[in-house]
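Some notes on the structure that comes next.
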Amino acid sequence: MPLFEVKSKEIDSKYTMRVKIPQYLPSNKKPFIEELTNTQKYGKFIAHINNSNVSEEEKKFLKFAASRHIIFNYAKIADYYAHADAEMQKLMEESALVIIDINDAIVNGYVKLSKDIERIMEESGETTE
């Protein structure tokens with residue numbers, strides 16, 4: 001049984017099954033690696049953690065948690081990817097910093113329901129192109 005079903009293309013709704021993905025055009029300039037993230041808040045947390053009296057085990061945990069405060073600039077990451085060597089590109093793809101196509105996303109485990117979504121779109125007559 002599908003997770004959701006499209007019953008009619010004539011549903012009065014502000015939503016659509018149409019998927020239009022913008023095409024990315026890389027810049028001519030490779031950004032500096034430091035431009036890809038903002039670690040200011042993360043750095044403050046790490047300093048507080050390092051200066052604390054909690055156990056080393058707790059510090060390790062808190063440092064993992066602090067990483068969620070790192071801000072990623074995905075536009076710059078895409079530009080960096082476009083100018084990176086093949087090994088760096090592969091590692092960026094595996095980490096989902098960039099998703100080149102749906103097949104890569106599936107292989108790397110980032111898309112779980114793709115077959116259901118594809119089937120639903122085909123049944124509704126919508127396409128991704």
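Every number here is computed from the coordinates shown, using simple stated rules; none is lab data. Keep in mind it's a predicted model, so treat the numbers as computed, not measured. Neighbour counts run over all protein chains shown; Cβ positions are idealised from the backbone, glycine included.
Note on region 33-84: Rg/Rh from Cα positions, Kirkwood definition for Rh, rounded to two decimals, is 1.15. Residue exposure proxy: 81, 74, ordered by other Cβ atoms within 10 angstrom of their Cβ from fewest to most, comes out as 74, 81. Going from the residue with the fewest nearby Cβ atoms within 10 Å to the one with the most, 61, 45 rank 61, 45.
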